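Scroll down for the structure; my scribbles are underneath it.
Readers should treat all values here as calculations from the given coordinates under stated rules, not as data from a laboratory. What you are looking at is a predicted structure, and each value in this text was computed from that prediction instead of being measured. Virtual Cβ from ideal backbone geometry, glycine too; neighbours counted across all protein chains shown.
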Amino acid sequence: MGVSGSGKSTIGALLAHSLGVPFTDADGLHPQANIVKMAGGVPLTDDDRWPWLALVGEALAEAGAAGTGLVIACSALKRVYRDAILAAAPTVRFVHLAGSLDVLANRLEGRSEHFMPPALLRSQLATLEELHDDESGFAVDIDQPVLNVVAESVARLAAPALPASVTIGIGHGGLPVVRVDDVAGTAEVYLHGAHVTSWTPTGRPPVLWMSAFSEFAADRPIRGGVPLCFPWFGALPADPTAPAHGFARLAEWQLVEAREADGNTVLVFRLGDTEGSRNSAWPHRFEALYTVSVGARLGLSLQVRNLDVTPVTFAEAFHTYLSVPDIHNVAISGFEDQEFLDRLGDPEARISEAEPVRFTGETDRVYQGTSTVARVADGTGRTVEISTEGSVSRVVWNPWQAKAAAMADFGDDEWTGMVCVETANVQGDTITLAPGAVHTMSAVIAAA
Ligand code: TA6
């Protein structure tokens, strides 16, 4: 819906294509008398509109009954017009293509071959009634690339009802992103990989690190934040061509729930097996539910259910990138005297240190069989604490200079400003689930 020039026909057709349903332009349903009137610059009366709106409602109702679905482009400027459509098609959702007078006027100037003269724009805007809170639908700002308008609409149509603290928009690379802005903190989570890319507790600096060179593309992992590694970690011996750290961080997750609870905003994302995953080196049927709780602390919880008829084994990790002023001053306690595998050294050797972990070069360690609480002191008095449940591995990583320079999506000098402290179940700690069984790995990140 929207005034003339808002792109109803163009965006409607693209949206229908993305949703895999037919598209109808309601302009084509106007009785000739209406076309003649509008082409003559004469605004329609409500009496002119009712028969037209009835046809619009009918088309939606038929599509609903046939189960085909339908996107119809129709101005539907007033609440009463929308109620008339709703009466015929109770499940209809309204996507209002909203734009300022300037943006719309510019669009109309550029438009030719349409019976609606630009002069009618002001009267249309005067007639326009924004969607009321109790109406099923949402407004999308058209002052962005058309494909972003479509992507945002698709993501919001798929999303559950959102509390006030949550919005869905388009982020980098045209990827849909869920934004949380609540009293206790803010965060961003891309549907791509259910990837938390930022979390900032109110009154404190951002806790997560993001590379300025990160890619944001459907087939690429995001560099920074909290990549979700699942169902394998690192390279997959069974298939060296398989993407590192599994397919979950490359998949499109669905936001299935968003609610406010106890001063936090809780988001739940779902991923199930896909044709792609069923043809991968890990072809099992599964359901993963990832809960992200945003507030003064960041809560992460990955629940995996085995929907297959055979037992399944997987590895998992919250590959958390923490932002630090200078890695040289970082000290991580909680691992004293605990054995670790140095992934840069002898794969058989088990090493331990009595002191907190400090960084003097490339570091890539796996601690197994531990549920330790990691405390990351960044040298400026700030400490980030990570406590977990259902996780008995920890991975600590910094690429240092050479490795950083070798990664295209990682700035040459960015290694000094980050450290990964990962909550995981990897290598000897992988999880095996019987058919129907469930496992949950959780972490709570607190910055003080
Ligand atoms: O968690 C540490 C690690 O496995 C390192 O070995 C390093 O490869 C890092 O992850 C980043 O992996 P990525 O596939 O995101 O480049």
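Odds and ends about this structure:
- Here the ratio of the Cα radius of gyration of the range 125-284 to 2.2 N^0.38 Å is 1.16.
- Taking a sphere under 11 Å around the Cβ of VAL292 and counting the other residues whose Cβ falls inside, with K and R at +1 and D and E at -1, yields a net charge of -2.
- Reach of LYS78 by Cα under 19 Å, taken over lysines that are not fewer than 8 positions away in the same chain: LYS8
- Separation of alpha-carbon centers, the range 14-36 and the range 143-163, rounded to whole Å: 20 Å
- Dividing the alpha-carbon radius of gyration of the range 26-91 by the rule-of-thumb value 2.2 N^0.38 Å gives 1.13.
- A crude spin-label estimate for the pair SER371 and VAL438, with each label 7 Å from Cα along the Cβ direction, gives 1.8 nm.
- Between the exposed loop cleavage positions of the chain, defined as chymotrypsin sites (Phe, Trp or Tyr not before Pro) in a non-H, G, I, E, B DSSP state with at most 16 neighbouring beta-carbon atoms within 10 angstrom, the longest gap is 214-448.
- The residue list ILE386, ALA317, ALA288 was ranked by how far each Cα lies along the charge dipole of the range 278-402 toward its positive end, using unit charges on Cβ atoms, and ALA288 comes out on top.
- Kirkwood radius, the range 229-373, all distinct C-alpha pairs, inverse of mean reciprocal distance: 18.0 Å.
- In this simple spin-label model, placing a label point 7 Å from the Cα along the Cα-to-Cβ direction at both GLN254 and SER333 gives a separation of 4.6 nm.
- Gyration tensor verdict on the range 222-265 (Cα atoms; rounded if a/c is under 1.5, prolate if a/b is larger than b/c, oblate otherwise): prolate
- Tail fraction, Cα-Cα pairs, the range 43-185, threshold 24 Å, whole percent: 41 percent
- Under 10 Å, Cβ to Cβ, from VAL395 - net charge with Lys/Arg +1 and Asp/Glu -1: +1
- Sorted largest first, extent of the chain alpha carbons per principal axis (Å): 86, 50, 41
- Amide N of the range 302-317 lying under 12 Å from the label point, which is placed 7 angstrom from the Cα of ALA261 along Cα→Cβ: none
- Cα principal axis extents for the range 1-118, largest first, Å: 38, 32, 23
- Under the simplified labelling scheme, the ASP25-LEU344 pair shows an inter-label distance of 6.1 nm, with each label point 7 Å from Cα along Cα→Cβ.
- Between 0 and 90 degrees, the angle of helix 79-88 with respect to the longest Cα principal axis of the chain falls at about 80 degrees.
- The gain in end-to-end length when the ALA217 to ALA402 segment is fully stretched comes to 64.1 nm, 0.36 nm per residue minus the alpha carbon separation.
- Count Lys and Arg as plus one, Asp and Glu as minus one, and take only other residues whose Cβ is under 11 Å from that of ALA139; the net charge is then -3.
- Seen against the Cα atoms of the chain and their longest principal axis, helix 46-66 is set at about 50 degrees.
- Computed over the range 251-307, the ratio Rg/Rh where both radii use C-alpha atoms and Rh is Kirkwood: 1.09
- One chain, two ends: THR127 and GLN144. Fully extended at 0.36 nm per residue, the span grows by 3.7 nm beyond their Cα-Cα distance.
- If only the Cβ of Lys and Arg carry +1 and only the Cβ of Asp and Glu carry -1, the dipole of the range 210-296 around its Cα centre is close to 140 debye.
- Length released on extending from THR380 to ALA54, taking residue separation times 0.36 nm less the Cα-Cα span: 110.7 nm
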